[in-house]
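Novice: Provided herewith is a single structure, encoded as structure tokens, for subsequent inquiry.
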Amino acid sequence: MHRSTLAFVLLAAAICLASATTSPAEFVRDSCRGTRYPALCEQSLVAYAPAVHRSKRELARTALAVSADRARSASAFVSRISSGGQTKVRSREAGAVRDCIETMHDSVDRLRQSVEEMGRMGRARSPRFAWHLSNVQTWVSAALTDETTCLDGISQYAGPAVRAAIRKKVVEVAQVTSNALALVNQLGPRN
């Protein structure tokens, strides 16, 4: 019995030592493996690894901030298309583009709200933590729905040039948002 206990203690110590020596970049890579778009996750977050260190909460917050920034950029892009900056929008497309602009604005607001909510989470095991985590999950899910709604409207009513231009930007935002939600969902009472 004594030998098995000693073996267990040594194994546990080795695991702890191995996890303590994981670099912040490796931590980001490992965390991104649990997302739907791991390569995009790693590409968009590895630059923040030194600031994130090995904190799942900070990684999720950073992923939300990146998603909000990209959603804001995509929203501005769609607005420029609407004003004729890239491609002339035909009248039948105008409604779909306006709807897309509105849903992308909503997405940006929800993502920014989520970043702020992450800062109010408090201690991991508190009821306050669970409440704020639930809010973040709800708002990020709603942001993802907003992005999908934009894509659906554009797919149905926009011509090929407008559809392709907007789709490229919004799909990337939806993928980054999906990754952010996956990282948020990795949080639990110990993070």
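The values are calculated or read from the model by the stated rules, or taken from the named source; none is laboratory data. All values derive from a computational prediction rather than experimental measurement. Don't worry about glycine lacking a Cβ; one is built from the backbone with ideal geometry, like all the others, and counts go over all protein chains shown. The protein model used for the area step is the full one, side chains on, heavy atoms only, and it has no ligands, DNA or RNA in it. Shrake-Rupley method; radii C 1.70, N 1.55, O 1.52, S 1.80 Å.
Novice: Can you check what the net charge comes to around Val136, using other residues whose Cβ is under 15 Å from the Cβ of Val136 (Lys, Arg +1; Asp, Glu -1)?
Specialist: +3
Novice: Same structure, new question: What is the range 39-181's relative contact order, in percent, from Cα pairs under 8 angstrom and six or more apart in sequence?
Specialist: 32 percent
Novice: Taking a probe of 1.4 Å, how large is the accessible area per residue of the range 29-78, in Å²?
Specialist: 47 Å²
Novice: Let me ask something else. So how do Thr35, Thr138 rank on accessible area, 1.4 Å probe, biggest first, that is with the largest at the start?
Specialist: Thr138, Thr35
Novice: Provide the gained length on full extension for the span Ser23 to Ala94, in nm with one decimal, where the gain is 0.36 nm per separating residue minus the Cα-Cα distance.
Specialist: 20.7 nm
Novice: As a test question: what accessible area, to the nearest 10 Å², does Arg98 have when a 1.4 Å probe is rolled over all protein chains in place?
Specialist: Approximately 140 Å² for this residue.
Novice: Give, as ranges by residue number, the residues of the range 105-139 whose backbone N falls under 12 Å from the point 7 Å along Cα→Cβ of Asn185.
Specialist: 137-138
Novice: Rounded to the nearest 20 debye, what is the charge dipole size of the range 73-178 about its Cα centre when +1 sits on each Lys and Arg Cβ and -1 on each Asp and Glu Cβ?
Specialist: Dipole about the Cα centre, nearest 20: 200 debye.
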